[in-house]
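Notes follow the structure.
The numbers here are math on the coordinates, done by the rules we state, and not lab data. All values derive from a computational prediction rather than experimental measurement. Ideal geometry is used to build each Cβ from the backbone, glycine not excepted, and the neighbour counts take in all protein chains shown.
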Amino acid sequence: MTRKKRSLSEDEHTLWTVVTRSIKPLRRRKTVTAPPEEIAPPAMSPRKVANAAKAVPILAPLPSRTEPPPLAPLGRRMRQKIGRGSEPIDARIDLHGMTQASAHSALAHFLRRAQHDGARLVLVITGKGKAGAGPHAERGVLKRQVPLWLESPELRALVVGFEAATIGHGGAGALYVRMRKGR
């Protein structure tokens with residue numbers, strides 16, 4: 001079934017001309033310049049040109065993306081495969097007993113090494129933390145900090161996503177981390 005091509009109305013042509021004048025190419029390429037008579041819009045009243053220009057909002061160009069893409073959860077199938085044991089855990093790190101500073105540097109080094117080695121899934125064990133004295137005492141500093149570190153731009157470039165581990169792999173005191181492929 002073929003569609004019949006229709007020509008643009010005068011208003012549509014005016015609008016298209018205004019829009020194409022306001023855009024810039026994404027990448028620098030050798031441009032082929034057309035003769036001026038092909039670029040010039042058809043003769044129309046200044047009122048129609050002004051109305052067409054008002055109808056089209058000119059959007060600012062998007063900033064170049066220097067940040068890595070946002071993190072995504074592992075997904076139902078991946079969790080099932082991990083639970084059944086058909087998706088292997090390629091590497092593990094245990095951060096128990098480390099200070100925040102040493103745990104952060106150890107985690108960063110571990111994730112870089114795992115990516116270099118081609119790991120797809122790693123297990124990060126944070127522990128649940130010790131119960132503090134008093135009703136408002138903080139518990140599990142690393143348990144709270146590691147997800148924040150994984151979301152930071154420094155480590156997000158290495159990580160696709162992460163989720164809490166199942167009971168068999170440490171439960172609430174561990175995270176499955178899915179790694180990006182190395183470049």
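Things to note:
- Linear extension gain, LYS24 paired with SER105, 0.36 nm per residue minus alpha-carbon span: 24.9 nm
- Burial order of peptide ranges 173-180, 145-152 (average beta-carbon count within 10 Å, highest first): 173-180, 145-152
- Computed from backbone phi with θ = phi - 60° and the Karplus coefficients 6.51, -1.76 and 1.60, the 3J(HN,Hα) list for segment 90-96 is 6, 7, 9, 9, 10, 9, 3 Hz; x is used for glycine and proline.
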